[in-house]
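Peer 1: I have a structure I would like to understand better, so I am pasting it below and will then ask my questions one at a time.
We did not get these values from a lab; they are worked out from the coordinates using the rules stated. The structure displayed is predicted, hence computed values, not measured ones. Note that each Cβ is placed from the backbone with ideal geometry, even for glycine, and that neighbours are counted across all protein chains shown.
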Amino acid sequence: MTITAIKGINDILPNAVGKWQLVESVARRIFTNFGFQEIRIPILEKTELFARSIGESTDIVEKEMYTFPDRNGQLLTLRPEATASVVRAFIQHRLHLQPSMRKFYTIGPMFRHERPQKGRYRQFHQINVEVFAIDDPMVDAEVIYLLLVFLEELNIPDITLHLNSMGCPDCRQPFRQSLTSYLDSVSAKLCSDCQRRRSTNPLRIFDCKVESCRQLVAKAPVLMDHLCDDCVDNFQSVKDHLDSLGVSYTIDPHMVRGLDYYNRTTFEAITPHLGAQNAVGGGGRYDGLMKTLGGPDLPATGFAIGMERLILLLDEQTDVETGPNRLFVACLGEEAQRRGFGLVQELRLRDLFVEMDYESRSLKAQMRRADKLSVTHVLILGEDELARGAATLRNMETSTQEEIPLEGLTEQILSRLKLSDQELT
Ligand code: AMP
């Protein structure tokens, strides 16, 4: 029996990889311009890191983590998200003492045992952005703006920005009471999960996917109406900064996000094109997390973008860079094959994409392969040409060809292909 990959954990084949590389390179370029530095964190962490940060009663920690004891019996988890790890790394390496390191991004796979469907997988990839130790609504606005600029640069259509405020411990405590009394009044109609959440973590009820609970939640009191004066001012200031950047948004008081650590401004970029999996990216402020994880009491904000959803939304026409000029060397006959083999290696060392056929097939078969590789030029090394001391260079785009002497062939090819590179740009 053949072995296949695990359900919900997908290969990314070479014909799809171009879009991934495009997304990554646009992210690196834009995030760098916004002052972010890349950080690379491990995929495996101690389980308690996620249990303590994401929250014991969230769906992620309760139902979705890939957790197992290693050979020493230590409980480990494949990371379900990146923020906790970036915070851990910041604390562990005492980066708060290095003012040049405040803004980070990271790109990589995450693991959640969810029910696989379009836009939802068990291994998926995120681009994460985190800002530490800057407590100003301007930073919230900048992070949100960065998310939108990035999506716009990739031509992701019809994105709407949803905003909410999760308040602070001062306003959340009294709000919990009013939410709990509402939930008590409708408790008989709640699903069994929500019955339990009512006492453990009532805010999580806003996450429930059960239709009857959703209807009840639509009538529940919302935190937005219970914010303390400071949180109201802070949220207003974030909105003012967004207004000044020309960003439009929808206030969504029912959006709570799936993780417990958020406070104050939270946001999601929503698409109408992916059915139920409508969030392309989301994030918010999480000022308490650093302290909860044993670090200094420093504020933080950030977001995560789901790369699979981005790729699904990328325009089919999106130009995936295939590189500049690409050459195929077609050889006919043993001597041509031998010389061609050496020439191919030489040109590759001079930073050119070059491919050849190793199987001595007909010119027609080799031209077919050249076509499949979307090369811009084919160099034909045939017996007749060799006898004349020349080779033929065919430009596939213009269908013109010219004969080039074998003497100084490498330089001749490079000068022609690099020259047309410059013409192309
Ligand atoms: P979260 O970490 O839950 O806030 O998710 C941030 C983004 O990651 C979402 O907006 C999605 O784009 C993406 N995402 C989350 N879970 C999955 C999943 N199971 N499969 C694919 N993408 C996901």
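Peer 1: Tell me, what is the FRET efficiency for Leu363 and Arg40 to the nearest 0.05, using R0 = 30 angstrom and their Cβ-Cβ distance as r?
Peer 2: Working from the Cβ atoms, E equals 0.05.
Peer 1: A follow-up question, please. Quote the Stokes-Einstein diffusion coefficient, in whole µm² s⁻¹, for the stretch 32-107, based on the Kirkwood radius over alpha carbon pairs, a temperature of 10 °C and a viscosity of 1.306 mPa s.
Peer 2: Answer from the Stokes-Einstein relation: 116 µm²/s.
Peer 1: At a threshold of 8 angstrom on Cα-Cα distance, excluding pairs fewer than six apart, so keeping six or more, what relative contact order does the stretch 326-420 reach in percent?
Peer 2: Computed value for the stretch 326-420: 29 percent relative contact order.
Peer 1: Rank by packing, highest mean first: peptides 50-56, 303-309, 335-341, 112-118, with packing defined as the count of other Cβ atoms within 10 Å averaged across residues.
Peer 2: 303-309, 50-56, 335-341, 112-118
Peer 1: I would also like to ask the following. Within the chain, what percent of beta bridges assigned by DSSP are antiparallel, to the nearest 5?
Peer 2: Counting only bridges with both partners in the chain, antiparallel ones make up about 80 percent.
Peer 1: Using the Karplus curve 6.51 cos²θ - 1.76 cosθ + 1.60 with θ = phi - 60°, work out ³J(HN,Hα) for each residue of the stretch 106-120 in order, rounded to whole Hz, and write x for Gly and Pro.
Peer 2: 8, 10, x, x, 10, 9, 9, 7, 9, 6, x, 7, 4, x, 9
Peer 1: Which entries in the list Lys118/Lys189; Lys189/Lys209; Lys46/Lys209; Lys19/Lys209; Lys46/Lys291 go over 24 Å, if you measure between the two C-alpha atoms of each?
Peer 2: Among Lys118/Lys189; Lys189/Lys209; Lys46/Lys209; Lys19/Lys209; Lys46/Lys291, the Cα-Cα distance tops 24 Å for Lys118/Lys189; Lys46/Lys209; Lys19/Lys209.
Peer 1: How many angstrom separate the Cα center of the stretch 113-149 from the Cα center of the stretch 182-248?
Peer 2: Using only Cα atoms, the two centres lie 20 Å from each other.
Peer 1: With both partners inside the stretch 326-420, how many of the DSSP beta bridges are antiparallel, as a percent to the nearest 5?
Peer 2: If we restrict to bridges inside the stretch 326-420, about 55 percent are antiparallel.
Peer 1: Just to check I understand the Karplus step: with θ = phi - 60° and J = 6.51 cos²θ - 1.76 cosθ + 1.60, what whole-Hz values come out for the stretch 388-403, glycine and proline as x?
Peer 2: Ordered by residue, 3J(HN,Hα) equals 7, x, 9, 9, 10, 9, 10, 8, 6, 7, 9, 6, 9, 9, 9, 9 Hz.
Peer 1: Find how many whole Å separate the alpha carbon centroid of the stretch 345-399 from the alpha carbon centroid of the stretch 50-75.
Peer 2: 55 Å
Peer 1: Work from the charge dipole of the stretch 326-420 (Cβ charges, +1 for Lys and Arg, -1 for Asp and Glu, about the Cα centre) and give the residue of Gly408, Leu373, Gly333 farthest towards its positive end.
Peer 2: Value: Leu373.
Peer 1: So, one more: Per-residue HN-Hα couplings for the stretch 339-349, Karplus 6.51 cos²θ - 1.76 cosθ + 1.60 at θ = phi - 60°, whole Hz, x for Gly and Pro?
Peer 2: Those phi angles translate into 5, x, 4, x, 4, 4, 5, 4, 5, 4, 5 Hz.
Peer 1: Would you mind putting 225-231, 397-403 in packing order, based on average other-beta-carbon counts within 10 Å, highest first?
Peer 2: Descending mean neighbour count gives 225-231, 397-403.
Peer 1: Can I ask one more? In 10 Å bins starting at 0, how do the alpha-carbon pair distances of the chain split up by percent?
Peer 2: Histogram of Cα-Cα distances, whole percents per bin: 4, 18, 23, 20, 13, 10, 7, 3, 1, 0.
Peer 1: Moving on to the next point. Just check the stretch 326-420 against the gyration tensor rule for me: Cα atoms, a ≥ b ≥ c as the square roots of the eigenvalues, rounded for a/c under 1.5, and otherwise prolate or oblate depending on whether a/b exceeds b/c.
Peer 2: Verdict is rounded for the stretch 326-420.
Peer 1: Would you mind checking which residues have amide H under 5 Å from Met110's amide H? H placed 1.01 Å from N; only 5 or more apart, or other chain.
Peer 2: Those qualifying (amide H under 5 Å, at least 5 residues apart or on another chain) are Phe124, His125, Gln126.
Peer 1: Sticking with this structure for a sec: Using the per-residue mean of other Cβ atoms lying within 10 Å as a proxy for protection, in what order, highest first, do the peptides 59-67, 243-251, 160-168 fall?
Peer 2: Output ranking for 59-67, 243-251, 160-168: 160-168, 59-67, 243-251.
Peer 1: Rounded, prolate or oblate for the stretch 239-383? Axes are the square roots of the Cα gyration tensor eigenvalues, ordered a ≥ b ≥ c, and the cut-off for rounded is a/c under 1.5.
Peer 2: Prolate shape, in that a/c is at least 1.5 and a/b is the bigger ratio.
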